[in-house]
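Data block below; observations after.
Where a number appears in this text, it was derived from the coordinates with a stated rule and is not lab data. It should be emphasised that the depicted structure is a prediction, and the values quoted were computed from it without experimental measurement. Positions of Cβ are backbone-derived with ideal geometry, glycine not excepted, and every protein chain shown enters the neighbour counts.
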Amino acid sequence: MKRLPALLGAWLLAAPLLAAEKSDHARLRLPWDALKNVLRIDQDRVRLSAEEFDALIKRTSRKNPPAHVVADGDVLLSRAEFTRLIQSLVPPAEPAATVFAPKAVYRGRLLKNSAAVEATLHVEMPEKPAAPIVWDAFPAQAAFQSIVLDGKPALAAVRNGRLYITLTDAGAHRLDLRFSVPVPDATAGQTLGLPLANTPITEWIFEVPEPNLDIAVPGALHRELSAAPGGTRVRALLPPTSWVTMAWNPLAPDRAKGPAQVYAVVDHLVSVEEDAVRATAHVALDVLQNTINEALLVPPAGFAVLDVRGEAVKDWQERADPARLAVSLKSARKGRVDFFVTLERVLPGEKSTTTYAGLTVLGAQRQRGHLGVELKSDVELPAPVIGGLEPKDPFRELPADLVARADRLVYGYRHLGGPLSLSLTLSRHETVALPLTFVDRMVGTTVIRPDGKRVHRVTLWAQSSARQFLGLALPPRASLWSVFVDGAPVKPVVGTDKKTMIPLIRSAGGRAGLFPVELVVYEEKPRLFPFGREGLALPMPDILVNRLQWNVVVPPDRNFRYLGHDFEDLNRRPTETTAASREGAAVFKAKKNAAPSTQRLFVGDKDDRANRGFDIGSAEEKQEREVDALSAVAEEPPPPAPVLGGEHGQSAGFSGLPAGTLPVRVNVPETGVRLSFSKTLPPAGGPLALSLWHWPTWVDELAPFLLAFGVALLAVRFRGPLRARGKSLLERAVAARKAVRLRPTPFQWVFLALTAALAAAVVAAVKARKTH
């Protein structure tokens with residue numbers, strides 16, 4: 001804004017020039033002097049606002065701010081200080097490497113029991129150092145034969161498993177290393193791994209003295225195989241890495257060595273599912289003397305092969321007449337070969353018998369293994385009929401990997417060779433339907449007004465796994481005011497049986513999966529009579545309710561009593577719900593959330609919780625219920641932002657809410673006397689009934705006087721018989737006193753005194769204990 005007058009002045013100076021020169025492109029031309037005045041190029045000071053200056057200081061240094069002057073709320077800096085401040089924003093460049101190796105070439109050859117490698121590293125030192133540099137050149141996990149730098153023996157040292165080279169001159173250098181690493185068995189099916197120097201360009205050349213090999217270099221970006229004198233050569237280009245791994249296998253068996261000796265271990269896991277029997281066989285082959293590039297197996301009759309997987313598996317194929325499973329390997333393998341075969345058979349009916357004959361490896365010198373049976377369904381599985389198998393403990397005597405792959409093992413066996421058979425007789429039964437939704441706790445509050453209006457506020461703590469709607473039976477001529485599920489408003493619908501259907505959400509699981517369903521129902525009845533019986537109806541869901549607490553708030557000028565036996569009366573004395581009680585609830589919640597040191601101050605403060613919770617369960621559960629009830633009275637949470645059944649709930653399957661018709665939360669006034677009742681497992685499916693007898697409070701105040709008046713009337717009416725009866729009783733008492741005269745002995749007097757002293761001591765002890 002402060003530069004606006006200068007811009008206006010420049011525009012006025014340029015106006016004659018613009019009028020004299022008419023341009024087709026409507027360009028704005030300013031004189032150089034006017035432009036310098038606007039940009040203030042020729043001034044030695046730079047003006048910044050306070051916000052701009054603070055932002056620059058935060059990004060540079062707060063300890064050494066540049067010299068500046070504050071004028072008219074702006075900060076004035078010299079151009080030199082401003083330039084220095086801007087330059088300090090540029091981060092310093094990282095120092096260049098003193099020594100680095102851009103390229104490394106490795107040439108190796110496999111010997112009898114080791115691998116000999118020659119490494120050539122191209123080293124660059126851009127500048128001559130002031131002192132010799134000790135450079136970390138190579139891993140030292142190898143047996144070095146020679147270390148040469150530029151054709152001369154290098155000054156080298158090994159520290160902490162690393163090879164260090166001392167460099168003194170700048171320029172390009174060449175480091176030649178010759179070393180060897182051990183190889184356990186340099187035969188077919190071998191793997192080799194060794195450390196490298198981490199360089200941008202890495203070339204790996206290696207020769208194996210066996211022809212017709214497939215040499216794999218995992219991680220190589222480029223690989224070439226070629227024949228070498230008496231062997232096979234591989235050339236690979238590697239990304240920057242500090243380790244290389246190489247594996248080789250013959251492409252075809254060597255006929256000169258004769259047939260391979262194969263020993264097989266097959267572990268079967270038979271899974272009984274709802275409509276099928278699935279078997280997973282772990283085939284482990286030990287190949288000796290020669291290599292194999294294919295394994296032939298005999299699948300069990302009636303089972304279809306679903307998959308064959310393994311690191312060495314190239315492909316698999318089923319053959320008929322006779323039935324065979326051919327598993328082709330990626331290369332001719334020797335040593336250990338592992339793969340998994342998955343088979344399945346569909347059950348024909350409700351009751352069937354399935355025989356599993358196992359997987360047989362053709363050409364194996366010996367085959368053994370284990371077999372486990374697991375249940376993945378609710379079918380009945382008697383003990384199988386076995387052949388060629390020895391029963392074992394399924395948890396203690398089976399291999400650990402077989403037990404780890406199973407979920408519910410029931411039988412275990414060991415196979416020592418020869419044909420095997422496992423006959424399974426399966427029977428499926430009808431599934432028992434279990435409740436998918438239940439209400440753990442239900443708290444209802446009914447407010448009765450003298451003019452007959454009633455408002456029911458019901459909170460259900462529900463848990464649902466698959467149910468979409470909750471059916472609610474409302475009292476006759478009742479209307480639903482608001483419904484909230486898990487704190488979000490929802491829009492209920494009417495079902496086919498005229499029940500109100502409330503959309504539900506899916507619980508997360510466990511007790512933490514309980515979510516609240518809050519609803520407010522309005523009911524209008526005739527005005528209350530001075531004397532009579534009032535029938536109440538609480539809306540109930542159509543699912544199982546575990547516990548129910550029903551609070552009834554009645555007018556304070558009437559007495560209400562429950563005379564039935566269907567509910568448990570929790571009213572030792574009625575509680576009037578006013579603003580003071582709401583404040584007390586907030587104080588109780590503060591005590592509950594206070595620190596342990598603060599809670600000690602409330603040790604002597606005893607709250608009457610008889611009308612706040614259920615008289616069932618443990619002390620911890622009762623306290624939790626009381627805190628929930630008091631918290632609900634103390635505060636009303638505001639409606640949250642998400643809306644179930646609206647635009648945010650379309651994915652949950654709820655009907656959408658039109659814009660502008662979102663339900664609102666209705667607060668229920670609870671001024672009056674609170675009566676509390678509880679019931680375990682109340683009936684579901686219809687409104688729950690409760691009958692209360694009521695009369696005005698002045699009847700209780702007049703009751704003692706009416707009772708005394710009635711007694712006086714009876715005494716006047718029957719004064720003659722009462723007087724005669726009293727006289728007769730008095731004469732009998734006088735005669736009995738004369739007939740029995742008590743003359744205690746001295747011993748009896750002492751006994752009476754000791755008894756009185758003991759009774760006095762017991763009374764004093766009881767009083768002291770109560771006081772303590």
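Measuring from label point to label point, each 7 Å out along Cα→Cβ, what is the Arg396 to Leu296 span in nm?
4.3
Step through the residues of the range 678-684 one at a time and calculate ³J(HN,Hα) from phi using the Karplus curve (6.51 cos²θ - 1.76 cosθ + 1.60, θ = phi - 60°), rounding each to whole Hz and writing x for Gly and Pro.
For the range 678-684, the Karplus-derived couplings read 9, 7, 9, 6, x, x, 10 Hz, x marking Gly and Pro.
Could you calculate the contour length gain from Val666 to Ala765, that is, 0.36 nm times the residue separation minus the distance between their Cα atoms, to one decimal place in nm? Please report the intermediate quantities before stating the final value.
Details: separation 99, 0.36 × 99 = 35.64 nm, distance 5.66 nm.
Net length gain for the segment: 30.0 nm.
If we count other beta carbons within 10 Å of each Cβ, what is the order of Val105, Val277, fewest first?
On the way: Val105 15, Val277 23.
Least crowded to most crowded, the residues run Val105, Val277.
What list do you get for Thr241, Thr431, Thr437 if you sort them by fewest beta carbons within 10 Å? Show your work: numbers first, answer last.
On the way: Thr241 15, Thr431 7, Thr437 19.
Placing the least packed residue first, the sequence is Thr431, Thr241, Thr437.
Tell me, what is the percent relative contact order of the range 184-307, built from C-alpha pairs under 8 Å that lie six or more residues apart?
Working: 212 pairs, mean separation 29.3, N = 124.
It rounds to 24 percent for the range 184-307.
From the residues Val346, Ser331, Val447, which one has its Cα farthest along the dipole of the range 322-476 in the positive direction, the dipole being from +1 and -1 charges on Cβ of Lys/Arg and Asp/Glu about the Cα centre?
Toward the positive end, the furthest listed residue is Ser331.
Could you tell me how many cubic angstrom of Cα convex hull volume the range 148-228 has per residue? Spell out each step's value before the answer.
Details: hull volume 13.3 nm³, N = 81.
Residue-normalised Cα hull volume stands at 164 Å³.
Expressed as a rounded percentage, what relative contact order does the range 290-329 have, with Cα pairs under 8 Å and six or more residues apart? Could you put the intermediate results ahead of the total?
Values: 49 pairs, mean separation 20.0, N = 40.
Here the relative contact order equals 50 percent.
Do the alpha carbons of any pairs in Lys525/Lys679; Lys314/Lys351; Lys58/Lys128; Lys376/Lys499; Lys351/Lys499 sit beyond 31 Å of each other, and which pairs? List each step's numbers first, then the result.
Working: Lys525/Lys679 25 Å; Lys314/Lys351 39 Å; Lys58/Lys128 39 Å; Lys376/Lys499 39 Å; Lys351/Lys499 42 Å.
Over 31 Å apart, Cα to Cα: Lys314/Lys351; Lys58/Lys128; Lys376/Lys499; Lys351/Lys499.
Mean separation of Cα pairs under 8 Å and 6+ residues apart, divided by the residue count of the range 372-431: what relative contact order is that in percent? Can you show the working numbers first?
Numbers: 99 pairs, mean separation 31.4, N = 60.
With pairs under 8 Å counted, the relative contact order is 52 percent.
When a footprinting reagent is the concern and you count Cβ atoms within 10 Å, what order do Thr354, Thr342, Thr496 take, fewest first?
Working: Thr354 21, Thr342 16, Thr496 6.
Final ranking by Cβ density, sparse to dense: Thr496, Thr342, Thr354.
Hey, if you put +1 on the Cβ of every Lys and Arg and -1 on every Asp and Glu Cβ in the range 258-427, which of Ser421, Ala295, Val403 ends up farthest toward the positive end of that dipole?
Going by the Cα projections, it comes out as Ala295.
Please give the FRET efficiency for Thr98 paired with Leu225, using the beta carbon to beta carbon distance and R0 = 51 Å, rounded to the nearest 0.05. Please report the intermediate quantities before stating the final value.
Values: r = 40 Å, r/R0 = 0.78.
That gives a FRET efficiency of 0.80.
Based on the Cβ-Cβ distance from Ala323 to Lys128, what FRET efficiency comes out when R0 is 60 Å, to the nearest 0.05?
That gives a FRET efficiency of 0.20.
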